[in-house]
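Structure first, then comments.
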Amino acid sequence: MRSAWIAGAVIIVTIGSATAIARAVEIRLAEQFSMGYLQFNVMKRDRLIEKYATQRGLNDFKVSWQRFNGPVAMNEALLSNSTDIVSGGVPGLITLWDKTQGTSFEVKGICALSSQPFLLNTANPGIKSIKDFTERDRIAVPSIKVSVQAVLLQMAAAAAYGEENYARLDPLTVSMSPPDATIALLSGAGGVSSAFSVPPFQFQQLQQNNIHTVLSSFDVLGPHTFTVAWTSARFRKDNPELYGAFLDAVKEATAIIAADPKGTAQSWINDSNSKLPLEMVIKVVTAANVEWTMTPAATMKFAKFMRAGRRHQARAGFVEGLVLSGDRRPERELRTAPYAAPITIPTASTMAPPSTI
């Protein structure tokens, strides 16, 4: 059954006082397998969290990095307090936001990381559109039903077959990390004939002559946020200095990507132990339809779609959860503006207002 959380696309994190003393001695950050988290690579390379945490007067702390395949494992790690800040596609955030609202471990969005398309590629020459898939085909996605690729496939199915048939292609999907999915697609192993993947693996797939693209996520949504970061409200409240250092680090890392795409590409190769050529990775970083930004885009489209699948089960007050303090601005404003007070991307000097995703 499709997830349903309209409010998750505009989730708010109110940043704590810049004068409070952080309680954590460690901040643990989780990413997944793709080039949607370049800020994390730069932050790790340049020790940006350490830089800003030190500027805030912190001395005794540790920064740890983790990698997961798909939002399910990552969200489980967050809920079990095995990690502190995670990153992934918008549906992963919306899923956990809905599950934790009203509990002692509420999860909130922090910021966007990038806007870029992901591609559904296939080795089956008979597949020209999603209507050509049959029960014999298998489509690899990072996590069935909840990954951003799985939800996008449902959105495409709803457009092709009608809203009530949004899950028509779900039985064809299998969970597989993007690197493993690429190996399976290129080798024909495991019965996987298609992969809804991520950069740069989707472009690596297309270098093989028998692979072609069936669908781009931009075909379904238009330009949209690809990756976001989220955390528990508890971590933000208990550790305002580390949280603020993280935000400042993301902002600087985003600027570094724009200023030095070649160095950023090399950092991703080094951090991922990738054998892809540097020139190819640079092309992904600088592609015309790729934007490295902390500002969210089209997240409401994900949320509305996920909400519609369980409309009859929505809890009381669900729609009201969209807004804070009675704010009901139209969707086009919500995509790019935070609630409660229009502000720029938060920095060390603008810690008081909320930021949205």
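Some values worked out for this structure:
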{"read-out": "Unique match (being modelled with pLDDT of 95 or more, β-branched (Val, Ile, Thr), within 28 Å of Trp268 (Cα to Cα) and out of contact with any Leu (no Cβ under 9 Å at 6 or more places or on another chain)) among Thr54, Thr122, Thr83", "value": "Thr54"}
{"read-out": "Filter pass, Val86 being open to solvent by less than 40 Å² (accessible area, probe 1.4 Å) and among the aliphatic types (A, V, I, L, M)", "value": "yes"}
{"read-out": "Number of positions in region 133-153 that are buried (at least 24 other Cβ atoms within 10 Å of the Cβ) and within 12 Å of Pro91 (Cα to Cα)", "value": "8"}
{"read-out": "Which numbered condition Glu252 misses (of (1) in contact with a Phe, Trp or Tyr (Cβ under 9 Å, 6 or more places away or on another chain); (2) in a helix (DSSP H, G or I); (3) modelled with pLDDT under 95; (4) open to solvent by 10 Å² or more (accessible area, probe 1.4 Å))", "value": "(3)"}
{"read-out": "Scan of region 255-276 for residues that are open to solvent by less than 50 Å² (accessible area, probe 1.4 Å), in a helix (DSSP H, G or I), over 24 Å from Thr231 (Cα atoms) and not β-branched (Val, Ile, Thr), ordered by number", "value": "Pro261, Gly263, Ala265, Ser267"}
{"read-out": "Residue that is least open to solvent (accessible area, probe 1.4 Å) [pool: residues in region 277-301 that are assigned to a helix (DSSP H, G or I) and over 27 Å from Leu93 (Cβ atoms)]", "value": "Met280"}
{"read-out": "Number of the exception - His224 against (1) open to solvent by 20 Å² or more (accessible area, probe 1.4 Å); (2) more than 18 Å from Phe40 (Cβ to Cβ)", "value": "(1)"}
{"read-out": "Count - residues of region 236-253 that are over 17 Å from Glu31 (Cβ atoms) and out of contact with any helix residue (DSSP H, G or I) (no Cβ under 7 Å at 6 or more places or on another chain)", "value": "6"}
{"read-out": "Of all residues in region 50-77 being farther than 24 Å from Thr100 by Cβ and basic (Lys, Arg), the one that is surrounded by the most Cβ atoms within 10 Å (Cβ to Cβ)", "value": "Arg56"}
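The values are calculated or read from the model by the stated rules, or taken from the named source; none is laboratory data. Computed from a prediction, not measured in an experiment: that's the story for all the values here. Methodologically, a virtual Cβ is constructed for each residue, glycine included, from the backbone with ideal geometry; neighbour enumeration extends over all protein chains shown. Quick note on the areas: whole protein, heavy atoms, side chains included, nothing else; ligands and nucleic acids left out. Shrake-Rupley method; radii C 1.70, N 1.55, O 1.52, S 1.80 Å.
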